[in-house]
Structure formats: C-alpha cells, structure tokens
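Data first, discussion second: the structure below is written as structure tokens.
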Amino acid sequence: MQERQYERRELSDLSYERRRQLEGYRKEAEGLEEIRILCPICQKTVDIVFSDARGHKRIKCSRCRKDFVITLPRFRIKRR
Ligand SMILES: [Zn+2]
C-alpha cells in the first residue's frame, strides 16, 4: 500500500490576488536587512526575520529539540 502523502500545493495553485499579495510582501522586505535567529545553545540558524520584526518569538531548534521564547532586538532599518 502506498504511503499517505500530504496534498502538494504549488504557488501556481494560489489565486492571482494571493500571489500578488505575496509578491508585494517580498517587495516590501527588499529594503530591509535579514537577521538570523540563532539557537541560544548550539547557534544553529532556526529562523530568519527582517529588521522591522519586533516583540517576542517562539523558536524551536531542530538540532537541540528544545524550544525557547526570545525577544527580537530593535535593529536599525536600512533605508531604501
Ligand atoms: Zn540548538
């Protein structure tokens, strides 16, 4: 018996409006710096946020298998 698979969806399955919206978000982020969120224990990159990200974030390290709550520091936003 075949293993059950998740339904694979592609970008092209999304509505035109949704794709336009995603493209808009990508363009908005173009002038921002990317900040790597590192695991506090092993320093593995667990996520990447943009420099306008604020507040608390829950992260889970796939190497340590531990989760942490961190705060995102106030980084300088690069001017476009
Ligand atoms: Zn880790």
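Using θ = phi - 60° in the Karplus curve 6.51 cos²θ - 1.76 cosθ + 1.60, the 3J(HN,Hα) couplings for segment 26-39 round to 4, 5, 4, 7, 4, x, 9, 7, 8, 10, 7, 9, 9, 4 Hz; x is entered for Gly and Pro. Excluding same-chain neighbours fewer than eight residues apart, the aspartates and glutamates reachable from K57 by a Cα-Cα span under 19 Å are E33, E34, D47, D67.
Going from the fewest other Cβ atoms within 10 Å to the most, the residues K57, K66 appear in the order K66, K57.
Amide H contacts of L38 (H built 1.01 Å from N, in plane; Pro and chain starts excluded): V46 sit under 5 Å, all sequence-distant by 5 or more or on other chains. The overall shape of the chain is oblate: from the C-alpha gyration tensor, with semi-axes ordered a ≥ b ≥ c, the ratio a/c is 1.5 or greater and a/b is no larger than b/c.
Where a number appears in this text, it was derived from the coordinates with a stated rule and is not lab data. Please read all numbers here as calculations on a predicted model, not as lab measurements. No Cβ is skipped: glycine too gets one built from the backbone with ideal geometry, and neighbour counts run over all protein chains shown.
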